[in-house]
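Here's the structure, in C-alpha cells; my notes come after.
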Amino acid sequence: MYGPSKLWDTHAEEVLQPDPKRHYAKPVVVLINAQAQSQPEFVAIWLRNSGRFTFVGSHTTGATGTSSFIYLPGGARLGFTSVRVRYADGSRFQNIGITPDVAVEPTIEGIRQGRDEVLEKGIDVLRKLVAGQPRQP
C-alpha cells in the first residue's frame, strides 16, 4: 500500500575503492564551504567514507537528497527534500552537512588584502600531511 501508511526507507552505502594499478596514495585535501550543496555533498560523503581525504574550510549545508514538488492551486509549486540522507554510520546529515577536519573561513581583512585564506590553509595542511605531520584543526 502506498501513501501515508507506508514508510519508505532505503539504505545505500558508497565507498571509494582505489584501482590498485592506478592508486594515488598521497594525502588529498578538499576545500569545502556552504556553497557545496546537493550533489557535491554526495561526493564529499563518498570521499569522507573512504577515509583518505582531509576537509578544510567550513560546513556544507546538508541540503542533499532527491527534490520533490507539489503543485498547489493557483500555480504555486512547493519543493522539499524527499529522501533522508545519513552518513554510513547512520548519523544525521540533513541540515548538518560535511564538518571540516580543519575549520577556516575567510575574514574581512583577508578579503581586503585579496587573499584566499581557505586555500592558504588547505595548502598548509597538505604540506604538513605530505611531510608526515598530523593535521591540526
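Phi-derived couplings, Karplus 6.51 cos²θ - 1.76 cosθ + 1.60 at θ = phi - 60°, listed residue by residue for the range 89-102: 7, x, 6, 5, 10, 3, 6, 10, x, 7, 8, x, 6, 10 Hz, with x used for Gly and Pro.
Note that the range 66-75 has calculated 3J(HN,Hα) couplings of 5, 8, 10, 10, 10, 8, 9, x, x, x Hz, one per residue in order, obtained from phi through the Karplus relation 6.51 cos²θ - 1.76 cosθ + 1.60 (θ = phi - 60°); glycine and proline are x. Taking all protein chains together, ASP124, ASP116 sort by accessible area into ASP116, ASP124, largest first [probe 1.4 Å].
Report, in debye and to the nearest 20, how large the dipole of the range 16-137 comes out about its Cα centre when Lys and Arg carry +1 and Asp and Glu carry -1 on their Cβ.
On the way: 15 positive and 10 negative charges, 74 e Å.
That gives the range 16-137 a dipole magnitude of about 360 debye.
Could you put PHE53, PHE69 in order of accessible surface area, largest first, with the 1.4 Å probe and the full protein assembly present?
Working: PHE53 40, PHE69 100 Å².
Putting PHE53, PHE69 in descending order of accessible area: PHE69, PHE53.
Modelled spin-label separation between ARG86 and VAL130, with each label point placed 7 Å from Cα along the Cα-to-Cβ direction: 4.0 nm.
Selection among ALA131, PHE80, VAL118 by position relative to the dipole of the range 60-137 gives PHE80 as farthest towards the positive end (Cβ unit charges, Cα centre).
The values are calculated or read from the model by the stated rules, or taken from the named source; none is laboratory data. From a predicted model like this one, the values you see are computed outputs, not experimental measurements. No Cβ is skipped: glycine too gets one built from the backbone with ideal geometry, and neighbour counts run over all protein chains shown. For the accessible areas, the whole protein counts, side chains as well, though only heavy atoms, and no ligand, DNA or RNA atoms are used. Shrake-Rupley method; radii C 1.70, N 1.55, O 1.52, S 1.80 Å.
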